[in-house]
Every structure is written in structure tokens, then in C-alpha cells.
Amino acid sequence: MSQITRIGGSGPTPGGAVLTLSGDGGPTVSPNGGGNIDIDGAGGITVIGHSGTNSLTISGAGLGASSFSTDIAGPVVPTVGGELEIIGVAPTGHYSPINIQTTGATANTVGIYLEPNVLINSLASATYVSADTLHADLEITTGGTIEALGTITTDTGDLVLAAGEFVVGGNAGTAGQVLTSEGPAAVPTWQTIAAPSGSTVSSFFARQSAATGLVTGNNSGTYIWLGAPGVLTIAPGDCFNTGGNLTLGDGVGTSAKYTAPLTGTYFFNFQVALFANSYAAPANNSLCINNITQGISYYSEHYSFVANTSSSGSYYGQPNYSAYIKLTAGDIVQFGVIVYISESVPALVGITNSVAIATTTYHFTATTFVSGFKVA
């Protein structure tokens, strides 16, 4: 501390008495030859003399603020020694990672920096996550933006876009486009899915347009491929050929064929209305789907002909076959029926588009059609 001491005898000190000053450290200071001791301000302290009142005014206005406001709590007041701590902390009563750190960069400078990896538990309307919450959501209000120069990772949970655009590289894409990777260290792009050869949607339903001419059947078995003895048609209102992958045959030897536009599983169903002038052996007759490209054939269970009571000496059948078959893009399949004649003399067999069949127990109309579509 500083003090003023009288030099001289006892009793009141006259106005011109000589004084000494002593401080918290250093020697006692005596007046100069004019009886004066200078009191100078330093370190933000200012000393102003007033001759009219024989007084000195000592002020510390340059020392700075006596308290400091903060965003959350406060104000903060320096200690008695004038010390103010600047440290990165989590808000009191809230779980939050400490992403901001401080350092004494130099003797009179405080450095404040953001951690390289920032963990955000909550950012929504200036609210904070409760102390018992370990994870929360990152919510961006209308007009808000997240700009990341590194990686944004979600350990568990979903990345949900409730509304608005998902913009990549400044582009939100157009309806129907998909986000496509461009490889490591490259920004993904919006791409339109290119249609492969054929059609991504392939289905068909075709009928035989008219009764065929008869072909000769025998004990060795006769293969009759749809479209070869009688051309198929998609003219009726319930017929279609989506993707155009089915050829209809020419009716003079070339069968109808289906070409798989894509690799996958296909479902086929077809039915044949048959008639013959001799009984066909039930032990061997069957329907067939033949994968010409792969050299693989698929056969139905055996079927039987029945006698047509309305036409003496004639027999009819209406076998139906359904199958799921795996095809490779470009595989070609055809559909047919195998007829075995039980008698030693070859018989005439034909396929009809539609015919009324009467037996001793029932009456029905036989039709010939073929259908199919890609399942998966």
C-alpha cells in the first residue's frame, strides 16, 4: 500500500512541510528540491491534479468492464484479483459435448478454436437436450442450411427429409431420376434410368385366330408349336403384347416365340384346344415350354382326350400348363403340345381357336391362348 509520512517535529504540519511516499514495493520516495513528489498513473490508471482543491483524482477507467454478459447465463464478474477464465464448457444442466476449446496462445492472448470433429446433439429453436439424453436430432428450420466439408455420419436411425428438396451438387434432379455414385471422392449425380433393350415392362396375352389345318400324329409323338400351323393374334380386345417381345408365328411353319428382354423370373400360362379323329394315348400327351436358346424344355403333366358325343369318331382335349421359369436376357422360348396316337394308323390332329365340346357328362368351349409376364 502507499502512505504519506511527515518529516519534522511534532504538531500540525505546516503547508510547506516536506513529505515522503512509500509504495507496495521499492524505496521511500522523498520530494524534489521544490518539495514536490510526482504521482504518475500506469497500466490504465490515470492521476489528475486539482490546484483549487489541493487534491488528486485517481481513476481506473482504462482497466475495462467490471462484468461480462454471456449468451446463456451471467453476467460474469472478474475475481478480486482481476482474473476472468475463458474456457469451453457444456451448458449447466444439459448434456452437450464440448466442441470449443481455448488456449493461451501468447502471454497476453487467448486462443479460441473449434474441435475438428463436432458432435451436435440438438439444434432446434434454441433449445437444449435434457441431461439424460445421449443422442438427439439435428433439425434445420425453414431457410436453414448445413454445409459440410467433411463427412456426416448417422450411427443409428434414419436420415429423414420431411419436406423440401434434397439437393446434391446444387441440383435437386427431376422426377423419376435416381442418385448415382460417381465413385470415391466424387459428388454423386442425378441420373435418368436408361431403358434396356426390349422393355422394362413385358407382358402378353394372345389367342389363336382360327382353327389350324390338321397335322399327322403317330405313336412316336407329334410336336405342334403354337403359331406354326395357325397364326396367333392380339386383335381381340382382351389381348395385348406390352413391350412387343412376342412374335405371333406365320401359320405356315414358323412358331410364335417370346424373347426375354431382361434376366429374371417369368410366369407363363397357355392352353391348347385339340381335336383328333382318333384316340390319343393319355400316358404320353403333354404341353411343353421350350427354351430354344438354352436347349431346355419344361413339360406339363400328361393329359387325356375325351370323346365328343356330338361328333362321332372325334376326340377333344383342353390341356393347360403354368410355370415359373428363369430366363437370361435374350433367351427365346416357344410353346407347344405333344400328341401321341394310340392306334397303329396315323391320325389327323389339329388345334382350334374355339370349339364347343360335348361329352357324356359335360359340355364346354375349348380355347387356345398363351400368356406371360416378368415376375422379378
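Read the figures in this text as sums done on the coordinates, not as results from a lab. As the structure is a computational prediction, the values presented were derived from the model and not from experiment.
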Name the residues whose placed amide hydrogens come within less than 5 Å of the amide hydrogen of Thr222, ignoring near sequence neighbours (fewer than 5 apart) on the same chain.
Val339, Tyr340
Quick one: 3J(HN,Hα) in Hz for segment 250-265, Karplus 6.51/-1.76/1.60 with θ = phi - 60°, rounded, Gly and Pro as x.
10, x, 10, x, 8, 7, 6, 9, 10, 10, 5, x, 9, 6, x, 9
Mind listing the long-range amide H neighbours of Phe305? Cut-off is under 5 Å, sequence gap 5 or more, other chains count too, H placed in the peptide plane at 1.01 Å from N.
Ala280
